[in-house]
Amino acid sequence: MDAVLIAEAAVNGILLGGVLALLALGLNLIFGVVDIVWIAYVDLVMVGMYAVYWLVTAYGWPLPLAAVAAVALVAVLGLLVHLLIISPILASPPVNQLLATGGLLFFLQAFATFLWTTDHRSLRLALPVVEVFGMYLSFARLLAFTFAILGMLGLYFFLTRTYIGTAIRAVSQDREAIALMGADMRRVYLVTSAIGGGMAGLAGVLLIIQYSVHPHFGATFGPITFIIVVMGGLGNMFGAVVASLVMSEVISIGGILASTEMAYVVAFVIFIVSIFVRPEGILGRRE
Amino acid sequence: MLEVDRVTAGYGEFTALWDVTLRVSAGEAVAVVGPNGAGKTTLMRIVSGLVPIRAGDLRLDGDSLKGRRAHEIVSRGIAHVPEGRRIFPRLTVEENLKMGAFLPAARRHYAETARRVWDLFPVLAERRRQRAGTLSGGEQQMLAVGRALMSRPRLILLDEPSLGLAPVMVLRLFDLIRRVREEGYTILIVEQNVRQVLSLVDRAYLLEVGRIQVEGRAADLADQDFVRKAYVGI
Amino acid sequence: MKRALPLVGLHVLVALPWLPLGPARLYILHVVILILIWSVVGTAWSLMGRFGLVSLGHGAFLGVGAYTTVLLWNFWGVPPWIGTPLAVAAACFLALVLGYPCFRFRVVGHYFALVTLALGEVIRLLIIAERDWTGGSLGVTLKDAGAGAVNLVALQFADRRVFYFIALGVWLAGLLVWRWVDRSMTRSALEAIGEDETAAASVGIPVTRFKLKITLLSATLTAVGGVLYGQYVTYLDPGTLAGIGVSLRIVFAVVLGGMYTLLGPTVGTALTIALAEYLRVAFGVRFLGMAETIYGLALILIIIFLPAGLYGGLRELWRARPRPLAAATPPVRPA
Amino acid sequence: MNRRHAILSLSLACLALVVLAAGAWMAAPAGAQALKGPIKIGVLYDLTGPFAAAGAYPGSIGTRIAIDMVNEKGGVLGKYNLQAIAGDSQSKADVAINEAERLLNVEKVDILLGIYSSAIAVPLAEKVDKQNRVLWITIAISDAVFKGRDLKYTFRAQVPGSQFGQISTRFIADYAGERFKMKPQDVRGAIIYEDGPYGTGVAASGEAEMKKIGMRLVLKEGYSAAAPDLASLVTKLKAARPDVLFHTGYNPDITLFLRQAKELGLRMKAIVGHGAGYGQYDKLREAFREDVDHIFNVDPVASQLLDPKKYTNAELGRIRDEFLARYKKETGVAEIPPHASMGFNNTWILLTDVLPRAIQKYGGWSADAIQKAALETDIPEGGTIQGYGVKFAGPGHEVRGQNLRASLVVMQYIGGKTHVVYPKAIATASPVLPLPPTSPYAAR
Amino acid sequence: MLSLQNVSKTFGGFRALLRVSLEVREGEFLGLIGPNGSGKTTLFNCVSGVFPPSEGSVRLRGEAIDGLTPDVICHRGIARTFQIPRPFRKLSILENVALAAHFGHPTRESDAQARARARDVLRLIGLPADPEARPGLLGAAGLKKLELARALATGPALLLADEPLGGLDPEEMRQTADTLRRIRDEMGVTVVWVEHIMATLMRLVDRVVVLDHGEKIAEGSPRAVAEDLRVIEAYLGEKIALE
């Protein structure tokens, strides 16, 4: 394989990693703060993708406006998920929590099928091709990467510069102590779920410009997102970003050296082994 | 100011406190001493709303706090420095203090309160940008106290502040608590370190196996043999 | 009376192929066979699930079971009589390779679920990646043995009543295994492990070995279910038999029915399959996806309001109805 | 009731039932059929899911139009009305199997007709045939459906997949000297395919043909039609630097591939598609606009492209025009996809050739009557609206049930229109080859 | 019988035990005391195999047992109770104990035998509750007794009892303490007893070992230990020493 092509795959891997990192951060936030794995998290992304798709193709909205609306919509959805599903089972065994969000996954997939059938739908954007040093970079991915980075920066500033954001970080470190500070846990959870939802919405926007959407879209990025979150370490934003980049490189370069499926196999095996060796994540801390 | 009125409480099937009555007046410093497992920490957690009351009542300035959740109790002016410090290790020192001032009322006075805390604990001011987890045990305990002060409380609950600290550090810590007390805060403190704490407070309660055994002025309790007996057994 | 009810049920099941079901007889038989096969898998899953070992990767055992026998037959003509033990062995090997380190390093709860989820995906992706002989993403068809309606060597039968009885037998065997575990010390031990590993170990229960044992048992039964599916449907595809999708489907059917009761998994499986078929038949394309929408919702509601599952929950309610004298044991106050 | 008693009674009951039933079982007859209509036809296509947009849906419309047209004339032979019962296989084989069970055993259809995807046709054929029922395949092309299986009641007038690879390779080889200024042996060909029976079969035939001609195969790679991303495949192709890409796939994957190929700058002299997703020109054009110009597609000819003078009788021309008019009216599309023609034509053959003979000669539309009638079908070249003739392979033949007279053409999309460019004998235009510089995929 | 040599245990940077050496004699009733966080439970965990010691060796009758898993150590004859009762709540009281009776031995007895022995143990411990009831119905005292019954059912030679009196009222305390004594006297089981209720402990044990900050600071007869200045410092604070 030509070195330029490998470099090209590596760069495209980084670009994909940006969006994966965004997804992982959103899930990590919820996982770390509310301590529940939303199995259906990436299916919220699917909803966001559909939202953009329909607003643009059926209602003729301009893409940026549709994007903002989709982010808001999925944020509200995140809020609802927490209110309706998560909060009644906060005290249930982890198994039940996992399964309730799994039920949500079924519901979202099936309801999307019901509403929109299983057809693959894509925005027909005519985006230019970018050529740098003989490498071809997907403009859609560049765009997505840029916005993913902006989204992450936004999250970073929110979490470090605001009271509620700092409280969200604090919750994942000591959920009882934060209540002693006078923070209402219910509110912290709600805000976290809304932000997690918003991140999923943003990821949806960035993915619909690259891929077509269908009701089972969540299945393509769901598993990889979970393993990135766990590998990066709970509550560790930096870890999530690093794990995303590592995994997307494995997938991207593995894909050209073997096949896409084999690359994913390698990624999953790396994950399984890493859980045995370092259950707290590759960059996690031992608690 | 604070009245704990014949309170019974526990976890699951386990009853940790039986019929405990206790009172703290404004401006007073009161200690609860007693051996391990006596229920001291549970008592503190009841006051701050972390453990529900089964029977009895809890009043602040005459208003019942029964059934209130922790964040509501903080807003009434009670700050709890929990056992084991419980600072947020991956937040900076300053962010920890910010969290202490989470209540909107406290937030408005953040700068002013923070200045008082920096004055009280200069070592924290030096390390304000450091992650709290990297502080030494004593510094972490100071941070925990400072963080509690940030909510501008009227009553501070201190749960085993000397636990796990080196002897020298314990001395310094008690000095600091004394200064906090001199600033006019009302204090309810739980301690194993009996001699130290009795020199600090006005009154004390001896709690043994979930029940108040003795109550009295600190100076009177300090010399009594049964305190030693409660601890060492003979 | 209590004995009689299951007995009557069993008689009905045995007689089913000859009951006057009208013109839809063969179709009903087809659906019942599918229910039986998936119930075996669900029962197998609940062997682990009820003790808190929530696997989201049972698709892996299912897929390995089904593909091993079918590929052995298609490529080398190895009959399923030999293929099945090999498939079970392969599934057990997989369970061992994953289970031992998991249990040794105490990977539990969410992490166990996610590790098994990854395993399910690994198997699904491997099946797709090895497309030259597994048929890739769109699946592989079992080679026809030819030679008439009944082929005992190849376990292929034109008459589906034969399959019906095989499925019924395996299903009953699965229930027996479940009950055997339920009635043995093993259940108490696993229950204890599920609640508190440290405490369980401290009274001498070899935790890792027991978890491994139940995992192997579950994997075996799942693989047998996979073999059965392959032989009956004669067509395998990675989406239906491996990966996260089917793994979740198994879990949800069981949770829907209830994993703590003998018939819970079967009831859940029957409900999900019957509902999907009913909606498809009754409404065709108009309500596409409605079946799963309904049971997605049902799942959420059940987990919130009836954590013991539909069957388990109803049974609890039934049991909790006021009973004469002896039943109510007053809480004993220690002296 | 004690335990032993229970077991005893149970086993006795079982035994009794088995004995009682044995008679009924043995005697269960296929059933003599009274000649009373309607003739029930189960029509099974993927009305939803990825295959729907890749051609199954247009195929189902074609089939429906054929049935409507026959019914409007009073039915088969003017007196046996047709009743179509639709099923949706949702682009999933397991759903297809359940739907087939329902159509055959609940709806009691006499004939199961349709099937778009080879992945569904392969398992289904076996199952339907075992139940001694007729499966009439209209679209699925994979050779694996018939090869070596000796199916008695399964028929397909549609072209077999193996021909796709042959004709596309020969087409390129024939034009290599003239257009590429290369010997066919120097042409670098790459084959990519969806990994189901359809793609695999087409790819295998293409590879065999390339070997025969001596063309250089620089990459042969399968991929999952549901793959989330094909960027790595594009990169591999870039590394292999093919002159010609032979691609077989469905709609979603082709869309993804063409998009990523453009983004990543994959350049070639020609892209040749093989039916399915490439046959859905309107969908591709919707997604890529003029980017899809000059891509080739191998398929049975879309009937509107044929010169009516080539039909053996004039009636066929009128039928074709009627079908085209109805299809356009119903869907409003400008370019009718080949799948619509396949759905129509292959249903039409059953309704107007096989069924009348079965009724007249073999006394009805039982599976056996249809089977016998189908084996006697003998339609010459030009005798169907897609131009090919029909003669089914009989017992003992390796692909028993397959139409041996089906044929394919190579089409090219030029400026929004489809033209037949190969075989040269029936070409309506000369191919644009290599890709002109206006194409984003053109080698520079 | 049990011998610890220079046992240390660190968690991350935290030293929970520091070079603790300790001998438990056959048939002894040993009290292990120390303030909160002095490492008593950590010591039990190291002995019973919950985690291996970071350094040092643990020997039972001369055989090294450090690094073995808890079930194996249990089979070797060491049983323990937990400070906060950890009953199996989904099992009945009898099942809780029968499980221990069944699995506590390397050679497992039959289900029926295990149940019979479980009933014996429950009687000995004096747990009069309905044995078919769930542990949830027991109060704090009942749970503490169940802990003890479960440990005892494994048929240990050495019993590590972690605060069996915590949370009991005085009458219950007296009973439980008596039971402990009887376990030693009548069954010949060696007992190591961690307790905060000093009055009771000091009255009953043969010998006391005191831990503070993970180190052994004193050892000897109850009276001697109670008079020990270092012990008083450890419990009441450092003021005397600093004055």
Practice prompt. Please give the calculated 222 nm ellipticity per residue for the protein assembly as shown, where each DSSP H segment of at least 4 residues contributes -39500 (n - 2.57) and the sum is spread over every residue; nearest 500 deg cm²/dmol?
Written response: -17000 deg cm²/dmol
Discussion item. Could you derive backbone 3J(HN,Hα) for the stretch A:97-109 from the dihedral phi with the Karplus parameters 6.51, -1.76 and 1.60 (θ = phi - 60°), listing whole Hz in sequence and x where the residue is Gly or Pro?
Written reply: 5, 4, 6, 5, 6, x, x, 4, 4, 4, 4, 4, 4
Practice prompt. Take the Cβ-Cβ distance between E:PHE14 and A:LEU80 as r, set R0 to 41 Å, and report the resulting FRET efficiency rounded to the nearest 0.05.
Written response: 0.45
Discussion item. I'd like the accessible area for D:HIS339, computed on protein heavy atoms only with a 1.4 Å probe and all protein chains in place. Round to 10 Å², please.
Written reply: 0
Discussion item. Please report the spacing between the Cα centers of the stretch E:62-98 and the stretch C:167-200 in Å, no decimals.
Written reply: 21
Worksheet item: Which trypsin sites (Lys or Arg not before Pro) in the stretch D:74-106 pass both tests, a DSSP loop state and at most 12 other beta-carbon atoms within 10 Å?
Response: D:LYS79
Worksheet entry | Distant alpha-carbon pairs in the stretch C:244-316 (separation over 16 angstrom), percent | 46
Practice prompt. Express in % the proportion of alpha carbon pairs of the stretch E:89-143 at distances exceeding 15 Å.
Written response: 44
Response to the item:
Here, B:ALA105 and C:TRP180, labelled 7 Å along Cα→Cβ, have an inter-label distance in nm of 6.8
Worksheet, complete the sentence: Out of C:TRP73, C:TRP45, C:TRP133, a Gaussian network model of chain C with alpha-carbon springs under 10 Å gives the largest mean-square fluctuation to C:TRP133
Worksheet item: What list of whole percents do you get for P(r) of chain D, with Cα-Cα distances grouped in 10 Å bins up to the one holding the largest distance?
Response: 4, 21, 30, 22, 12, 6, 3, 1, 0, 0
Practice prompt. Please report, in whole Å, how far the alpha carbons of the stretch C:37-242 spread along each principal axis, starting with the longest.
Written response: 59, 36, 22
Worksheet item: Most mobile of A:ILE227, A:ILE164, A:ILE195 per a Gaussian network model of chain A (Cα springs, under 10 Å)?
Response: A:ILE164
Discussion item. Defining a contact as two alpha carbons under 8 Å apart and six or more residues distant in sequence, what relative contact order in percent does chain C show?
Written reply: 28
Worksheet, complete the sentence: Per DSSP, the loop-located trypsin sites (Lys or Arg not before Pro) within the stretch D:113-199 having at most 11 other beta carbons within 10 Å are D:LYS181
Item to complete: List the residues of the stretch E:169-199 whose backbone N lies under 19 Å from a point placed 7 Å from the Cα of B:ASP19 along the Cα-to-Cβ direction.
Response: E:169-174
Discussion item. What does DSSP give for the protein assembly as shown in terms of the percent of beta bridges that are antiparallel, rounded to the nearest 5?
Written reply: 45
Worksheet item: Between A:THR160 and A:VAL129, what length in nm is gained on full extension when 0.36 nm per residue of separation is reduced by their alpha carbon distance?
Response: 7.5 nm
Practice prompt. May I ask you to derive the relative contact order of the stretch C:244-316, considering only C-alpha pairs under 8 Å and at least 6 residues apart, and to give it as an integer percent?
Written response: 40
Discussion item. For chain B, set up a GNM with springs between Cα atoms under 10 Å and report which of B:PRO167, B:PRO35, B:PRO82 has the largest fluctuation.
Written reply: B:PRO167
Worksheet entry | the protein assembly as shown: equivalent-ellipsoid semi-axes (sqrt of 5 x gyration tensor eigenvalues, Cα, Å) | 71, 39, 27
Discussion item. Taking amide H atoms as placed 1.01 Å from N in the peptide plane, list the residues 5 or more away in sequence, or in a different chain, whose amide H sits under 5 Å from that of E:SER54.
Written reply: E:SER8, E:LYS9, E:THR10
Response to the item:
Quick calc, the stretch C:37-242, dipole around Cα centre from Cβ unit charges on Lys, Arg (+) and Asp, Glu (-), nearest 20 debye, gives 340
Worksheet item: For peptide A:264-275, how many partner chain Cβ atoms fall within 10 Å of a residue's Cβ, on average?
Response: 6
Practice prompt. Could you pull out the pairs from D:LYS147/D:LYS220; D:LYS40/D:LYS147; D:LYS212/D:LYS269; C:LYS143/D:LYS152 whose alpha carbons sit more than 19 Å apart here?
Written response: D:LYS147/D:LYS220; D:LYS40/D:LYS147; D:LYS212/D:LYS269
Worksheet item: Across the stretch E:11-19, in residue order, what do the Karplus-derived ³J(HN,Hα) couplings come to in whole Hz, using 6.51 cos²θ - 1.76 cosθ + 1.60 with θ = phi - 60° and x for Gly and Pro?
Response: 10, x, x, 8, 9, 8, 9, 10, 6
Worksheet item: Using the per-residue mean of other Cβ atoms lying within 10 Å as a proxy for protection, in what order, highest first, do the peptides B:127-134, E:82-89 fall?
Response: E:82-89, B:127-134
Item to complete: Take peptide C:121-134, look around each residue's Cβ out to 10 angstrom, count Cβ atoms belonging to other protein chains, and average those counts.
Response: 6
Discussion item. Compute the distance from the alpha-carbon center of the stretch E:142-190 to that of the stretch A:156-227, in whole Å.
Written reply: 49
Discussion item. Taking the Cα of A:ALA258, stepping 7 Å toward and past its beta carbon, and measuring to each backbone N in the stretch D:198-220: which are under 20 Å?
Written reply: D:220
Worksheet, complete the sentence: Treating only Lys and Arg (+1) and Asp and Glu (-1) as charged, each at its beta carbon, one finds that the protein assembly as shown has a dipole about its Cα centre, in Debye to the nearest 20, of 1560
Worksheet, complete the sentence: Ordered by number, the residues of the stretch D:119-142 that have at least 10 Å² less accessible area in the complete protein assembly than on their own chain alone (1.4 Å probe) are D:ALA119, D:VAL122, D:PRO123, D:GLU126, D:LYS127, D:LYS130, D:GLN131
Practice prompt. In whole Hz, with x marking every Gly and Pro, tabulate ³J(HN,Hα) for the stretch A:220-232 from phi via Karplus 6.51 cos²θ - 1.76 cosθ + 1.60, θ = phi - 60°.
Written response: 6, 10, x, x, 5, 5, 4, 5, 5, 4, 5, 5, x
Item to complete: Can you figure out the FRET efficiency of D:ALA208 with D:LYS310, using R₀ = 30 Å and their beta-carbon distance, to the nearest 0.05?
Response: 0.50
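Kindly state, to the nearest 0.05, the FRET efficiency for E:PHE51 paired with A:VAL273, given R0 = 22 Å and r defined as their beta-carbon distance.
0.45
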Worksheet item: Per residue of E:196-202, what is the mean number of Cβ atoms on other protein chains within 10 angstrom of that residue's Cβ?
Response: 6
Discussion item. For chain B, what does the convex hull of the Cα positions come to per residue, in cubic angstrom?
Written reply: 119
Fill in: Overall Cα dimensions of the stretch D:364-444 - principal axes, largest extent first, Å
60, 24, 21
Worksheet item: Under a point spin-label approximation (7 Å from Cα along Cα-to-Cβ), what is the C:ALA274-A:ASP2 distance to one decimal in nm?
Response: 6.2
Worksheet item: Put +1 on the Cβ of each Lys and Arg and -1 on the Cβ of each Asp and Glu in the stretch B:1-45; which of B:GLY37, B:VAL20, B:VAL7 then has its Cα farthest toward the positive end of the dipole?
Response: B:GLY37
Response to the item:
Subtracting the Cα-Cα distance of D:LYS328 and D:GLU286 from 0.36 nm times their residue separation yields 13.4 nm
Item to complete: Name the residues of the stretch D:213-252, by number, that are at least 50 Å² less accessible with every protein chain in place than in the isolated chain; the surface is that of heavy atoms, probe 1.4 Å, without ligands or nucleic acids.
Response: D:PRO228, D:ASP229, D:SER232, D:THR235, D:LYS236, D:LYS238
Worksheet item: Roughly to the nearest percent, how much of the accessible area of the stretch C:37-242 is carbon and sulfur, given a 1.4 Å probe?
Response: 69
Discussion item. With just the Cα atoms defining each centre, how far is the stretch D:127-171 from the stretch D:393-444? Give it in Å.
Written reply: 19
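The values are calculated or read from the model by the stated rules, or taken from the named source; none is laboratory data. Nothing here was measured: the structure is a model prediction, and the numbers come from that model. Every residue, glycine among them, receives a Cβ derived from its backbone with ideal geometry; neighbour counts consider all protein chains shown. Only protein heavy atoms, including side chains, enter the accessible area calculation; ligands, DNA and RNA are left aside. Shrake-Rupley method; radii C 1.70, N 1.55, O 1.52, S 1.80 Å.
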